[in-house]
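The values are calculated or read from the model by the stated rules, or taken from the named source; none is laboratory data. Everything numeric here is computed off the predicted structure, so don't read it as measured data. Please note: Cβ atoms are built from the backbone with ideal geometry, for glycine as well, and neighbour counts cover all protein chains shown.
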Amino acid sequence: MKQIALSFAEEFTGIELSADPSQLNRLWLALLDNAIKYTPAGGRVKLRISRDSHAAPYCEISDNGIGIPPSDLAAIFERFYRAENARENTNVGSGLGLEIARWIAEVHNANIDVRSVLDAGSIFRVTFTEDAMPISQDKSSDRGTEVRALSVSSRRSIQAV
């Protein structure tokens, strides 16, 4: 069993987004799965929720894993793509996780960016823009428009509302 320290930092409370909670959960799981998969035993993975200098909320997942070679960064969000060092270090994975994560971010009008240093780790940041808060309508609901939101509370939990 791999021993990895997982930490959570919430720098702002009360961040709410109108979004599809199940899709956002898939996004976070894809990013966390990659961080854990490519971090060696004894490593660290951190999930951080904050706001940028323009007050846009973001979620950042960082690790001190194998990193991504600069030559592979432009392609990592492509379907079935796996960086060469990822193929060398593990045979697990289909190359779909980051492509799915990118798609979910795009559907929510969010930006997903990565910074990485080979053999030092990666930081994936999903930033929600002002127009990244689509309201979904459930036509089967008797209440008319149903708004689903992702709410981060001071209790350090992420809830679908």
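Annotations
- Residue tally, condition at pLDDT 85 or above and over 17 Å from Leu31 (Cβ atoms), over the stretch 73-85: 1
- Segments classed as strands (runs of 3 or more DSSP E), wholly inside the stretch 1-75, with at least 3 members that are more than 23 Å from His108 (Cβ to Cβ): 5-10
- The residues listed here are Ser53, Ser7, Ser22; of these, the one that is loosely packed, with under 12 Cβ neighbours inside 10 Å, over 16 Å from the mean Cα position of the chain (by Cα) and of a type in the set (Ser, Thr, Tyr) is Ser53.
- The listed residue being charged (D, E, K, R), surrounded by 15 or more Cβ atoms within 10 Å (Cβ to Cβ) and either closer than 30 Å to Gly14 by Cβ or at pLDDT below 85 (or both), out of Glu99, Glu88, Glu60: Glu60
- Of all residues assigned to the stretch 128-147, at least one qualifies as being assigned to a strand (DSSP E or B) and either of a type outside the set (A, V, I, L, M, F, W, C) or modelled with pLDDT of 85 or more (or both).
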